[in-house]
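Take a look at the structure below.
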Amino acid sequence: MQIQLNGEARTLEADASVAQLVELLGLTGRRIAVEVNEEIVPRSVHDETRLAADDRVEIVHAIGGG
Amino acid sequence: MTDFFQDAPLRVAGREFASRLLVGTGKYRDMDETGEAIAASGTEVVTFAVRRTNLGQDAAAANLLDVVPPERYTLLPNTAGCYTAQDAVRTCRLARELLDGHNLVKLEVLGDDTTLYPNVVETLAAAETLINDGFDVMVYTSDDPIVARELERLGCCAVMPLGSLIGSGHGIQNPHNIRLIIEQASVPVLVDAGIGAASEAAQAMELGCDGVLMNSAIAHARQPVRMAGAMRRAVEAGREAFLAGRMPRRGGAEASSPLAGRINA
């Protein structure tokens, strides 16, 4: 299936979970936050949250700024 | 004789800080310089931005939160780069997730990318939504006293008017407005944006501000770590001077030495 990840198309195994996507990206354990279709997906439910085709996923982190 | 007099801590939304200097984390050469400058500033509150993670980047690359650890500093995620209330609210919710439920944020909603001037209409809307959602909102705004009053009425925990445009280093362009905002406010007032020189940071504190937030003045100094120390002392000096109370201005001269006993009398 295809999802939008940080604004870009990405192909993912059907039924993948948020936790699997995070792991695939090498971000497990990193300080990030995940939003799917403009709703926060709390870290505590990354495992059980399944992604669907055309989901819009945002993964963010802290960077320098004033 | 003591060099230090008692001062109340800066209180923001139930949190207390001995330092009245708040700093940003942008524009530094690298993470090492960021960490060193922030340590030298003596700050306890550090603001940062929230951005999309660069995917495919080296996962071991230094992370900002490694040099400004949440265990040591109070982190203040900001909504820099947001031009609508909706984007600002989304960013704050992401930040809260990022920091495991930490609810203190710096709200800024900008009007355009040449002035970075606050869009107060969107700022007011975002503040209301965020406060209803349980956030403690420190709000960046213009130096308009009426807008500042409205933001406080909505429940913002600190009002942060600009001294001048973000990153401009033009200092405090309208000290009279800053004073008006301070006089009417019952929440902390911090000058956020525009400070370029240590004297301007001191000026903000002498006006009676509760604190100062700056980034470029330190990060873009020739020696940022050294400037961070200068700003720390400037904010302390300005605060002490405000509490001490300056002498009255006079129309003419007034000799400091007595007139009596002069040899030519």
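The values are calculated or read from the model by the stated rules, or taken from the named source; none is laboratory data. Being a predicted model, the structure only gives us computed values, none of them experimental. Cβ sites come from the backbone with ideal geometry, for glycine too, and all protein chains shown count toward neighbours. Just the protein is used for accessible areas: all its heavy atoms, side chains included, with ligands, DNA and RNA removed. Shrake-Rupley method; radii C 1.70, N 1.55, O 1.52, S 1.80 Å.
Specify whether the C-alpha gyration tensor of the protein assembly as shown places it in the rounded, prolate or oblate class, a ≥ b ≥ c being the square roots of the eigenvalues: rounded for a/c under 1.5, otherwise prolate if a/b is larger than b/c and oblate if not. Before the final figure, lay out the partial values.
Values: a/c = 2.75, a/b = 2.12, b/c = 1.30.
Cα axes put the protein assembly as shown in the prolate bin.
Interface burial in segment B:211-249, defined as at least 10 Å² less accessible area with all protein chains than with the chain alone at a 1.4 Å probe, covers B:ASN215. Taking every DSSP beta bridge that has both ends in segment B:1-145, the antiparallel portion is near 25%.
Along segment B:165-177 the Karplus relation, 6.51 cos²θ - 1.76 cosθ + 1.60 evaluated at θ = phi - 60°, assigns HN-Hα couplings of 4, 3, x, 7, x, 8, x, 9, 6, 9, x, 5, 5 Hz to successive residues, with x for each Gly and Pro. The Cβ shell under 10 Å around B:HIS102 holds other residues with a net charge of -2, Lys and Arg each +1, Asp and Glu each -1. Of all the options B:THR43, B:THR91, B:THR129, the one that moves most in a Gaussian network model of chain B with Cα springs shorter than 10 angstrom is B:THR129. In segment A:30-56, the residues whose accessible area drops by at least 40 square angstrom when the other protein chains are added to the isolated chain are A:ARG30, A:ARG31, A:ALA33, A:GLU35, A:GLU38, A:ILE40, A:ARG43; the probe is 1.4 Å and only protein heavy atoms count.
Could you please report the charge total around B:LEU190, scoring K, R as +1 and D, E as -1 over all other residues with beta-carbon less than 9 angstrom from its beta-carbon?
For residues surrounding B:LEU190, the net value is -1.
Loop-located GluC sites (Glu not before Pro) across chain A with a Cβ neighbour count of 16 or fewer within 10 Å are A:GLU13, A:GLU38, A:GLU48, with loop assigned by DSSP. Using C-alpha pairs under 8 Å with a sequence gap of at least 6, the mean separation divided by the residue count of segment B:22-137 gives a relative contact order of 22 percent. Looking only at chain B, where both bridge partners belong to it, what percent of the DSSP beta bridges are antiparallel (to the nearest 5)? About 15 percent, rounded to the nearest 5. For chain B, set up a Gaussian network in which alpha carbons nearer than 10 Å are linked by springs, and say which option among B:LEU243, B:LEU190, B:LEU162 fluctuates the most. Looking only at B:LEU243, B:LEU190, B:LEU162, the biggest GNM fluctuation is shown by B:LEU243. Looking at the protein assembly as shown alone, DSSP beta bridges between its own residues are antiparallel in about 45 percent of cases. Which residue fluctuates most in the GNM of chain B (Cα springs below 10 Å): B:PRO118, B:PRO248, B:PRO161? Ranking B:PRO118, B:PRO248, B:PRO161 by mean-square fluctuation puts B:PRO248 first.
Below 8 Å between Cα atoms, with a sequence gap of 6+, how large is the relative contact order for chain A in percent? 44 percent.
The value of relative contact order for segment B:107-265, using C-alpha pairs under 8 Å at least six residues apart, is 15 percent. Basic side chains Lys and Arg get +1 at the Cβ, acidic Asp and Glu get -1 at the Cβ, and with that the dipole of chain B about its Cα centre reaches some 700 debye. In the full protein context, the protein assembly as shown carries 49 Å² of accessible surface per residue, based on a 1.4 Å probe and ignoring ligands, DNA and RNA. Using a 1.4 angstrom probe on heavy atoms only, work out the carbon and sulfur share of the accessible area of the protein assembly as shown in %. In the protein assembly as shown, the share of accessible area belonging to carbon and sulfur is 48 percent.
Overall form of segment B:1-122: oblate. Here a/c, set by the Cα gyration tensor axes a ≥ b ≥ c, is 1.5 or more, and a/b is not larger than b/c.
Taking both sides together, what accessible area is buried at the B/A interface, probe 1.4 Å, expressed in Å² and rounded to the nearest 100?
Using a 1.4 Å probe, the pair buries roughly 2600 Å².
For the residues A:LEU25, B:LEU104, a 1.4 Å probe over the protein chains yields an accessible-area ranking, largest first, of A:LEU25, B:LEU104.
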